[in-house]
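Please read the structure below before turning to the comments.
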Amino acid sequence: MKKKQKQKLLNQFRPSLDGVRGQLFRSLENESLRRYGLPLQVMLDPKNRQILTIGLAGKTNEDTRINVPIDDNFNTVLKRIRLGENGIFERFRDNLLIEIVSYWNDQRLKNDEPTAQAVATPVTEETVSVPEEKVEEPKADTTENTRSTDTNAALSFADFSKAVAEYPKFYTEQNEQEVVIYEKNADEPRKLATISMTAENEFAIEKALERKYKVKLALIPLIEQFSATAITER
């Protein structure tokens, strides 16, 4: 069977984006209850499917809900999950859950209400996971298919730069001392992060990136992976 025919056949058995999104939502709910005892309900706004609504299960009070706009970066991560990139589902879910619980607790503190705390001994249960392809034959020649996102895998500058460029207006510049991630801006480029090219595990995240709620959930782990890569393998 030709490579393209095999890839087309494999793609037919991958979950749809709606299926991936649903699995992510259910896994968020399961992990929130297991880790924090917080019974969340995560869903799309019935009136606007570009809005992610997060609230307490069984509660209809608007005050208990968080509404988050879904942008292209969120959908890009869903596509990467669908393609079976190693570890991205759990990493994205965990980072998103931390952000949700942090925001939730901030709101509770403002109202002088009890906050969600990590459960001392989380209930052990099998969480929802996205099926990943186990076939090791070469995949279609696309950036999303071929780039490894295993946090323990070496990440070259070329692959790192391509991954950053997937985000609109983002690009990288390299010199002997560092790699800098910029965002194109009307006035002048905005610095988002700096990674050392002379020492491993040394990087700095700028406030401009920290403010990008959904982008940083996927981009910062990528920065950490590149930073942890041996200098000689970059």
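Between Asp94 and Ala204, the FRET efficiency from the beta-carbon distance, with R0 = 35 Å, is close to 0.95.
Please list, in order, the residues from the range 208-234 whose amide nitrogen is less than 16 Å from a point placed 7 Å along the Cα→Cβ vector of Glu188. Inside the label zone: 208. Determine the alpha carbon to alpha carbon distance for each of Lys169/Lys207; Lys47/Lys169; Lys169/Lys212 and list only those over 21 Å. Correct reply: Lys47/Lys169. A 1.4 Å probe over all protein chains sorts Arg211, Arg93 by accessible area into Arg211, Arg93, starting with the largest. Provide the FRET efficiency to the nearest 0.05 for the Met43-Asn86 pair, computing r from the beta carbons and using R0 = 25 Å. That gives a FRET efficiency of 0.35.
The values are calculated or read from the model by the stated rules, or taken from the named source; none is laboratory data. Keep in mind that what you see is a predicted model, and the values were worked out from it rather than measured. Cβ sites come from the backbone with ideal geometry, for glycine too, and all protein chains shown count toward neighbours. Accessible surface is based on the protein model in full, side chains and every heavy atom, while ligands, DNA and RNA are left aside. Shrake-Rupley method; radii C 1.70, N 1.55, O 1.52, S 1.80 Å.
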